[in-house]
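> Below is a structure I'd like to ask you about.
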Amino acid sequence: MTALPGTPAIQNAIPMPFFGTTPFAAPLLGIIGGSIMFVTGMLWLNHRARNAMANGEGYGDHLEELDDEDEGQALPSFGLAITPILLVIVSNFVFSKYVIPAWNTGYLSEEQYGAVELKAVHM
């Protein structure tokens, strides 16, 4: 998720003021990078799990089976499962484009708040 456009990751947020970009910069590269990270990560994890199982490693002293009570339960749909991720990306877009730029930050120039301008705090 850290490479996908619009995701709030610190390594993406730090250079934004210096380059004048947003969390949505380079969406194609972000999608490609996120896909590479996901695919190679899953390949590596599955490879390590297969090696561990072949070496007799596992978790506890039980068979690798589902319980009878789990067999009849339906999994949530793909749309419901991806809703939290989409909610974060959409919220990030709305806040960065509309909500935060509309804030009245004039009070920062008052002495009790350090008599500073927002641009000085931003960088």
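The values are calculated or read from the model by the stated rules, or taken from the named source; none is laboratory data. Owing to the predicted nature of the structure, the values given are computational and were not obtained by experimental measurement. When we count neighbours, we look across all protein chains shown, and the Cβ atoms used for this are built from the backbone with ideal geometry, even at glycine.
> Quick one: S96 ticks every box in (1) over 20 Å from the mean Cα position of the chain (by Cα); (2) modelled with pLDDT under 90; (3) in a helix (DSSP H, G or I) bar one, so which box is it?
With (1) over 20 Å from the mean Cα position of the chain (by Cα); (2) modelled with pLDDT under 90; (3) in a helix (DSSP H, G or I) applied to S96, the lone miss is (1).
> Every residue in segment 92-121 that is among the hydroxyl-bearing types (S, T, Y), surrounded by 10 or more Cβ atoms within 10 Å (Cβ to Cβ) and within 23 Å of P5 (Cβ to Cβ), please.
S96
> Among the residues of segment 31-54, are any modelled with pLDDT under 85 and of a type in the set (S, T, N, Q)?
From segment 31-54, those modelled with pLDDT under 85 are none; that's our starting set.
Checked segment 31-54: no residue is modelled with pLDDT under 85 and of a type in the set (S, T, N, Q).
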